[in-house]
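The values are calculated or read from the model by the stated rules, or taken from the named source; none is laboratory data. Computed from a prediction, not measured in an experiment: that's the story for all the values here. Cβ atoms come from the backbone with ideal geometry, glycine included; neighbour counts cover every protein chain shown. Keep in mind that these areas ignore ligands, DNA and RNA; they rest on the heavy atoms of the full protein, side chains included. Shrake-Rupley method; radii C 1.70, N 1.55, O 1.52, S 1.80 Å.
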Amino acid sequence: MATPDFIRTIRATAGQQLLWLPGVTALVFDDEGRVLLGRRADTGMWAVIAGMPDPGEQPAACAVREVYEETAVRCVPERVVLVQALKQITYENGDICQFMDITIRCRAVGGEARVNDDESLEVGWFDVDALPELNDHALFRIKQALADAPTWFDPMT
């Protein structure tokens, strides 16, 4: 995920300390029930489409923007799948972040899946029973998006 300019500005004064940030994951399905994935340029791993909203940008608008920027696919948001505070991450450069992720199920309405920026090596549609290797984070989100269930929240303890 490329670092947005507004985060670079914050980092200039905040240093590498923990930043609590919004994140949006877009799970896009086509009419055949396939899910759209991208193989990340930074890790080489397949992943769901995700990004950070710009200041003031609504989560659904962020999902639509990120999907198009990364894959050239046009989509419409359908529902919030889950809301979850993710684990703290320390990047290779020492920056520390923690994301509040909002995952949104989307429906593809146009465009041809292709690499559309420098964040992906490949993009493609996958049958949910023939997914490439994905981390547990992505698999859980896909499972929740396929379920006919209310929005998932991390159980309160």
Between a first residue in segment 144-157 that is open to solvent by 100 Å² or more (accessible area, probe 1.4 Å) and a second residue that is not small (Gly, Ala, Ser), which pairs have beta carbons less than 9 Å apart while being 6 or more apart in sequence or on different chains? 153/82; 153/83; 153/84
Could you check, for segment 128-145, whether at least one of its residues is over 30 Å from residue 7 (Cα atoms), modelled with pLDDT of 95 or more, outside any strand (DSSP E or B) and small (Gly, Ala, Ser)? yes
Which of the residues that make up segment 44-53 are part of a loop (DSSP other than H, G, I, E, B), within 29 Å of residue 151 (Cβ to Cβ) and in contact (Cβ under 8 Å) with a residue 60 or more places away in the chain? 45, 48
So residue 92 ticks every box in (1) closer than 19 Å to residue 119 by Cα; (2) in contact with a strand residue (DSSP E or B) (Cβ under 7 Å, 6 or more places away or on another chain); (3) not β-branched (Val, Ile, Thr) but one. Which box is left unticked? (2)
Consider segment 10-34. How many of its residues are more than 17 Å from residue 91 (Cα to Cα), of a type outside the set (Gly, Ala, Ser) and loosely packed, with under 13 Cβ neighbours inside 10 Å? 3
State which residue pairs qualify: first residue more than 24 Å from residue 153 (Cα to Cα) and without any contact (Cβ under 8 Å) to a residue 60 or more places away in the chain and inside segment 64-91, second residue of a type in the set (Ser, Thr, Tyr) and open to solvent by less than 50 Å² (accessible area, probe 1.4 Å) in any location, beta carbons under 8 Å apart, and separation of 6 or more residues or different chains. 70/120; 71/120
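Okay, residues lined up against (1) out of contact with any Lys or Arg (no Cβ under 8 Å at 6 or more places or on another chain); (2) assigned to a loop (DSSP other than H, G, I, E, B); (3) over 19 Å from residue 146 (Cβ atoms):
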site: 12; (1), (2), (3): yes, no, yes
site: 22; (1), (2), (3): yes, no, yes
site: 26; (1), (2), (3): yes, no, no
site: 32; (1), (2), (3): yes, yes, no
site: 36; (1), (2), (3): yes, no, no
site: 70; (1), (2), (3): yes, no, yes
site: 78; (1), (2), (3): no, no, no
site: 81; (1), (2), (3): no, no, no
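Going through segment 1-43 one residue at a time, which ones are free of Cβ contacts under 8 Å to residues at least 24 places away in the same chain and either of a type in the set (S, T, N, Q) or under 15 Å from residue 141 (Cα atoms) (or both)? Break it down stepwise before answering.
We begin by selecting, within segment 1-43, every residue free of Cβ contacts under 8 Å to residues at least 24 places away in the same chain; these are 3, 5, 8-10, 12-15, 43.
Hits for segment 1-43 are 3, 9, 13, 43.
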I'd like to know if segment 107-127 contains one or more residues that are in a helix (DSSP H, G or I) and either in contact (Cβ under 8 Å) with a residue 24 or more places away in the chain or not charged (D, E, K, R) (or both). no
Quick count over segment 79-106, residues being surrounded by 15 or more Cβ atoms within 10 Å (Cβ to Cβ), closer than 16 Å to residue 27 by Cα and not hydroxyl-bearing (Ser, Thr, Tyr), is 9
